[in-house]
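S.K.: Before I ask anything, let me first share the structure, which is written out below as structure tokens.
The values are calculated or read from the model by the stated rules, or taken from the named source; none is laboratory data. Nothing here was measured: the structure is a model prediction, and the numbers come from that model. All Cβ positions, glycine included, derive from the backbone under ideal geometry; neighbour counts span all protein chains shown.
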Amino acid sequence: MPLTAAASAREILTGLHDVMAKRGNAQSKLNEVVNLIAEAMKSEVCSIYLLRANELELFATHGLREEAVHVTRLKMGEGLVGSIAADGRILNLAEAASHPEFVYRPETGEERYHSFAGVPIVRRENPIGVLCVQHAEPRRYADVEIEALQTVAMVLSELIAAARLVDGSRRGNRRDSGPVRLSGLKLVKGMAKGQAVFHQPRVVVEHTIAEDTEAERERVYAAFRKMREQIDNMAREAEFGTVGEHQEILETYRMFAYDEGWSRRINEAIDSGLTAEAAVERVQQRTRARMREIDDPLLQERMHDLEDLSNRLLRIVSGRVGTAAQSGLTQDTVLIARNLGPAELLDYDRRRLKAVILEEGSLTAHVTIVARAMGVPVVGRLHEIRHSVEEGDQVLVDGDNGSVIVRPSRTLATSFDQRMALRLKQRAQFDAVRSLPAKSRDGVDVSVMVNAGLAEDASSLELTGADGIGLFRTEFQFLVSATLPGRESQQKLYRKVLDSAGDKPVIFRTLDIGGDKALPYLTGLDDEAENPSMGWRALRLSLDRSALMKAQARALIQAASGRVLRVMFPMVSEPWEYEQARKLFEEQIDWARAGGRALPSQIEYGAMLEVPSLAEMLDQLLPRVNFLSIGTNDLTQFLFAADRADPRLAERYDWLSPAILRFLKRVIDAANAADVPVRICGEMAGRPLEAMALIGLGAERFSITPAAVGPTKAMVRSLDVDAIRARMQQLLQRPPQDMRKTLTDWAKRHRVAIA
Ligand code: PEP
Ligand code: MG
């Protein structure tokens, strides 16, 4: 073996350069390459495996049996070769067969060889193959030999990519365009939304073998100078006051930029015959590989800083200086990166940078500390994010819960907006009323609950001081999932919601799928239906697909064991549908009892009144329900025959129209007369003026968007219930021209807080 890594690698690289410059097909070049490496390293075997159709195929070999070429295949993670590719690690073994991952392939004839060394061949950070050598004599390889192999693997990746020998993108499993919800690590709190922007498409090193080593050295010196200048400027311009953690961070960062060891290693790589770009990359790969071996989280974090700098150097030296920060953000941005260094984050325009998603990231990483100082929410450890998102996709980031929704449906986006609005208003508005009851001036207690749909919504109970969750939209879990959630995961969610609600009641609504809430994985839903919201949806679908409903019933029953289970059915159009759904639940109770499972301490059943026909049947329905819930979103669209999703009709009919109010009064009166609690849970009730009118009609229970709890409580506390009831009575008998204006004037006159 030659004396130094540089000399050893240079010898091979010179040969490789000649091979690559020659005419001829890729296979014959690879055959030459293995011979060349075997000879230079005096090894009996040198083999190249390439990733094709997710398997590592023996592509060229010196020393193994010829008939194994294109025959021997190993899956990712299988055998020594598979584990090198899967984990991106280096193996250096004196006795290959005693390694736990070793698998024997008789066609190769490798039983004669004892020692084994292999390195991954990497392209754009993805493994595309493995280069390995074997010797008959059992020995460990010297560091210089391993380094030479790594250098050669790097050059090979260029040859392999140019010849298109491996499958192109490994992103085949990514998105199919539906919404995707991912859970990561909460790094910096806050909520934000925007378009996905990739921090930087990685610089792909195109040329690895240098023509003129001195010229490459000059290029890298110049790049170092420029990078150091940039870091110095950044440290000077950092706007975070004068003292504090972030300043120390930039200092550490500067220390790395001036680190002599780092520049020396890059120089050595250039000595071995690499171009400046390849040398920077080579050292980066080496450091990465070493860090993988070290199990020290602190060191790993410092490694991110070094990666940040290394990327910066690579961009400068290759002339591809632009990150997304330099190209200028044009819109609200959710920045996506494998990792970011603090300096890279500081490069961004803070007015447009709304959130950051990291594939890696940790609580104590510098970038997290800096982001916190900047007030930018960060979610980390989303390893699959780059496979789930395309540049430009809409992304919702919830740093409070560590979750991210990519390409949200309208329903999800609306719910997110509502939670975001809640966050914005919460401090100012809710602090004042949170702990105060929603009791009117004349002593009437109004129950104010919240609508929710995801586990994280349960936190709004605490934030708002609401009385419970009056509508838990169970279909949200289905909407954010790529596949049908099983009973287990439903149960887990319901239990979590009940746990976080504590003593406060939660009303679960069974699945309301269909309409504008289509599920890609559920067949039979007709997206093309002319009137999907009047189609096969909600309870209609659940009763027809009873297996789905059974699973949900069982999940709810088990989640609520020992507690009160409150459940309601959406879109009940005729009482028999309610009866059938209830029967299905009761049968599941029998099932749970027969199986010796713990049961809920009590079950309350309710129906949602959203379809006008049900109002005609209340005398039949009310004796059978524990409560009634009026969904004004659907109800009003059906009353007016006006699609709730059509923007052209959005403002055409008023929630305060006498038709709606008279209709609601009938229902509320009937429920009150039957002593059945009735709750209003559509968006209407979340507006203080409308809520005031509803109280005037006799309603005393609401379930509303969390952001509206504060304003609603404030309204109730300033209201005289008797007075508004008397007034509404008159107004419904002789409706004014403009009900909204009349009620607004009344509220102002009576100092009711409706703002
Ligand atoms: C409603 O229709 O008013 C309701 C609360 O249900 P959703 O908005 O989920 O259809
Ligand atoms: Mg509805």
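S.K.: I'd like to know if region 664-678 contains one or more residues that are within 16 Å of ligand 2 (Cβ to nearest atom), assigned by the TED database to the domain that holds Val506 and under 28 Å from Leu454 (Cα atoms).
M.R.: yes
S.K.: Could I ask something else about it? Identify all residues within region 450-492 that are assigned to a strand (DSSP E or B) and either among the acidic types (Asp, Glu) or out of contact with any Cys (no Cβ under 8 Å at 6 or more places or on another chain) (or both); write none if there are none. Step through it out loud before you land on a result.
M.R.: So in region 450-492, the residues assigned to a strand (DSSP E or B) come out as 450-452, 469-473.
Correct list: Val450, Ala452, Ile469, Phe472, Arg473.
S.K.: Condition test on Ala723, is it away from ligand 2 (no atom under 16 Å from the Cβ) and touching a Leu at 6+ places or on another chain (Cβ under 6 Å)? Let's see the steps before the verdict.
M.R.: Numbers: away from ligand 2 (no atom under 16 Å from the Cβ): yes; touching a Leu at 6+ places or on another chain (Cβ under 6 Å): no.
So Ala723 does not fit the description; no.
S.K.: Provide a single number: the residues in region 392-411 that are modelled with pLDDT under 90 and more than 19 Å from Glu475 (Cα to Cα).
M.R.: Of the residues in region 392-411, 3 are modelled with pLDDT under 90 and more than 19 Å from Glu475 (Cα to Cα).
S.K.: Given the conditions (1) of a type in the set (Val, Ile, Thr); (2) modelled with pLDDT under 95; (3) surrounded by fewer than 17 Cβ atoms within 10 Å (Cβ to Cβ); (4) more than 30 Å from Ser546 (Cβ to Cβ), and given that Thr483 satisfies all but one, which numbered condition is not satisfied?
M.R.: (4)
S.K.: What are the residues in region 592-615 that are more than 16 Å from ligand 2 (Cβ to nearest atom) and either assigned to a loop (DSSP other than H, G, I, E, B) or modelled with pLDDT under 95 (or both), if any?
M.R.: Gly595, Gly596, Arg597, Ala598, Leu599, Pro600, Ser601
S.K.: Within region 42-80, work out how many residues are among the small types (Gly, Ala, Ser) and surrounded by fewer than 19 Cβ atoms within 10 Å (Cβ to Cβ).
M.R.: 3
S.K.: Which one is nearest to ligand 1 (Cβ to nearest atom) among residues in region 602-612 that are within 22 Å of Gly698 (Cβ to Cβ) and either surrounded by fewer than 18 Cβ atoms within 10 Å (Cβ to Cβ) or not assigned by the TED database to the domain that holds Leu661 (or both)?
M.R.: Taking region 602-612 and keeping what is within 22 Å of Gly698 (Cβ to Cβ), we get 604, 606-612.
Next, from what is left, pick out any that are either surrounded by fewer than 18 Cβ atoms within 10 Å (Cβ to Cβ) or not assigned by the TED database to the domain that holds Leu661 (or both): 604, 612.
Values: Glu604: 18, Pro612: 12 Å.
Looking at residues that are within 22 Å of Gly698 (Cβ to Cβ) and either surrounded by fewer than 18 Cβ atoms within 10 Å (Cβ to Cβ) or not assigned by the TED database to the domain that holds Leu661 (or both), I get Pro612.
S.K.: Filter region 502-517 down to residues that are within 22 Å of Val625 (Cβ to Cβ) and surrounded by 18 or more Cβ atoms within 10 Å (Cβ to Cβ) and give me whichever is farthest from ligand 2 (Cβ to nearest atom). Even if it seems obvious, please write down each step before you answer.
M.R.: Quick first cut of region 502-517, residues within 22 Å of Val625 (Cβ to Cβ) only: 504-512.
Going one step further and asking which of them are surrounded by 18 or more Cβ atoms within 10 Å (Cβ to Cβ), we end up with 506-512.
Numbers: Val506: 18, Ile507: 14, Phe508: 14, Arg509: 9, Thr510: 12, Leu511: 12, Asp512: 6 Å.
Here the answer is Val506.
S.K.: Checking Leu584 against (1) crowded, with 21+ Cβ neighbours inside 10 Å; (2) aliphatic (A, V, I, L, M); (3) under 21 Å from Val506 (Cα atoms), only one condition comes out false. Which one?
M.R.: That leaves (1) as the condition not met.
S.K.: When you check Ser542 against the structure, is it within 16 Å of ligand 2 (Cβ to nearest atom) and modelled with pLDDT under 95, yes or no? Quick ask: steps written out before the conclusion?
M.R.: Details: within 16 Å of ligand 2 (Cβ to nearest atom): yes; modelled with pLDDT under 95: yes.
The answer is yes for Ser542.
S.K.: Hey, among Leu628, Leu556, Leu599, Leu621, which residue is within 16 Å of ligand 1 (Cβ to nearest atom) and either assigned by the TED database to the domain that holds Ser703 or surrounded by 18 or more Cβ atoms within 10 Å (Cβ to Cβ) (or both)? First the steps, then the outcome.
M.R.: Numbers: Leu556 fails: within 16 Å of ligand 1 (Cβ to nearest atom); Leu599 fails: within 16 Å of ligand 1 (Cβ to nearest atom); Leu621 fails: within 16 Å of ligand 1 (Cβ to nearest atom).
Of the residues listed, the single one that is within 16 Å of ligand 1 (Cβ to nearest atom) and either assigned by the TED database to the domain that holds Ser703 or surrounded by 18 or more Cβ atoms within 10 Å (Cβ to Cβ) (or both) is Leu628.
S.K.: If only one of Pro711, Pro736 is outside any helix (DSSP H, G or I) and either within 20 Å of Gln418 (Cα to Cα) or more than 16 Å from ligand 1 (Cβ to nearest atom) (or both), which one is it?
M.R.: Details: Pro711 fails: outside any helix (DSSP H, G or I).
On inspection, the qualifying residue turns out to be Pro736.
S.K.: Answer yes or no: is there a residue in region 644-657 that is modelled with pLDDT of 95 or more, at negative phi and not in a strand (DSSP E or B). So that I can check it myself, show each step before the final result.
M.R.: So the first thing to find is which residues in region 644-657 are modelled with pLDDT of 95 or more, and the list is 656-657.
Still in the list and also at negative phi: 656-657.
Of the ones still in play, those that are also not in a strand (DSSP E or B) are 656-657.
For region 644-657, residues modelled with pLDDT of 95 or more, at negative phi and not in a strand (DSSP E or B): present.
S.K.: Out of (1) within 16 Å of ligand 2 (Cβ to nearest atom); (2) acidic (Asp, Glu); (3) part of a loop (DSSP other than H, G, I, E, B), what's the single condition that is false for Asp634?
M.R.: So the condition that Asp634 fails would be (3).
S.K.: Report those strands (runs of 3 or more DSSP E) wholly inside region 12-87 carrying at least 2 residues which are closer than 18 Å to Ala117 by Cβ.
M.R.: 45-52, 55-62
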